[in-house]
1. Give me, ordered by chain and number, the residues 5 or more places off Arg200 or on other chains with an amide H under 5 Å from its own placed amide H.
2. To the nearest 20 debye, what charge dipole does segment 38-250 have about its Cα centre, counting +1 at the Cβ of each Lys and Arg and -1 at the Cβ of each Asp and Glu?
3. With a sphere of radius 15 Å drawn around the Cβ of Gly77, what net charge do the other residues whose Cβ falls strictly inside it have (Lys, Arg +1; Asp, Glu -1)?
4. Just to confirm the filter: which chymotrypsin sites (Phe, Trp or Tyr not before Pro) across segment 45-117 are DSSP coil and have at most 14 other Cβ within 10 angstrom of their Cβ?
5. Once a ≥ b ≥ c are taken as the square roots of the eigenvalues of the Cα gyration tensor of segment 38-250, is the result rounded (a/c under 1.5), prolate (a/b larger than b/c) or oblate (a/b not larger than b/c)?
6. When a/c is below 1.5 the answer is rounded, else prolate if a/b is larger than b/c, else oblate, so apply that to segment 105-168 with a ≥ b ≥ c taken from the square roots of the Cα gyration tensor eigenvalues.
7. What does the net charge come to around Arg242 if you take all other residues with beta carbon closer than 12 Å to its beta carbon, with K and R at +1 and D and E at -1?
8. Full-extension gain between Glu43 and Ile26, please, as 0.36 nm times their residue separation minus the C-alpha to C-alpha distance.
Amino acid sequence: MRDYKCLSDNCDRGVGDATRVTKRIIGKVKHHNTPYALAAPHEDGYLHFYVPMMLQNAATLGFLSLDLDDRLLGQNGWHVACSTAPAAGPAMRSCFILVPAPTGPTDMIPPPPEEVDVVHYGQPFFIMTVPELCDNPLSLLSEPKGPLSASKVTGKYQDVYFSPDGASMEAMWVADFANPQYCEDMRDLPIKGDAVLVIRHNHTNAPLASSKEVFFNDFGPENEVCCGRFPVVPGARGGSLRDENYWTFVQGGGNRDDEETGGAPRASADGVSAELAVVVKTMSGGGGKPFVCALSSLPTRRSKRPKTEPWVGPCKLSF
């Protein structure tokens, strides 16, 4: 009789534990997917610091996202896994803020006073979560590949994750011009809000990427995020990169689409935002040359920059 009672208690405890876990997962998913308002494009047409935006990959067409429960304690602190995932609209798990990082006197040409809050090519910055997601802000980090650190799925590239220990060299990122032939010419110039970029890890010099390898979490199948080169010609040290290494920042549409999408630009049938649709089509064999520009048309420090028309409950997490 005593054994039967213990067995019954254990069975009830298992059902209760499963119910609590299910409720917690549902609550977390609802919290992470809470709609979040994106900032409208600035009137000058450039990318600015301290405003919420999304980051979309050209290969997976997913947005950089994270799951606060998908974490482990590594040798350098907590590692919160990140991924690229589809999104119907801007949510707290897929919205981030760019914060300028300290720069040395030889790192870049000091921007003019009117461009202090504008993101420039070659300028280090932090990619941080929005303050409403969790009590302690998290920053996107990467570290050199080693026996105890590698990409989540493939294990071939550098690991990329979010961590509360954000004030370090491992958390600094730099945006490079998409066409490698013009990277140095575009250095220290402001970045357009809809530009397609290569985001490079400042400490290891490896570009941010999202592979098409899939893993599963509480939100379903999502794509791996890592740091590494995906060259068009396998094994090549230089040359063009594949879509896995190209990104674009997505801001609010600033038009009637905001009412339907919660601030995100309307996506095409393939799930790609309007800003990236033309570029992805061209990069995938459309026949155009999206990254060719004339050097004479680039703005300079001596000339006034051309104005462009504008485009039409905290989670308790303790480490």
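1. Val174, Ala175, Asp176, Leu208
2. With Lys and Arg at +1 and Asp and Glu at -1, about 740 debye.
3. Local net charge: -3.
4. Tyr50
5. The shape class here is rounded.
6. Oblate, since a/c reaches 1.5 and b/c is not below a/b.
7. 0
8. 2.2 nm
Where a number appears in this text, it was derived from the coordinates with a stated rule and is not lab data. Predicted model, so just to flag it, every value in this text is computed and none were measured. Because the Cβ atoms are built from the backbone with ideal geometry, glycine has one as well, and the counts that use them run over all protein chains shown.
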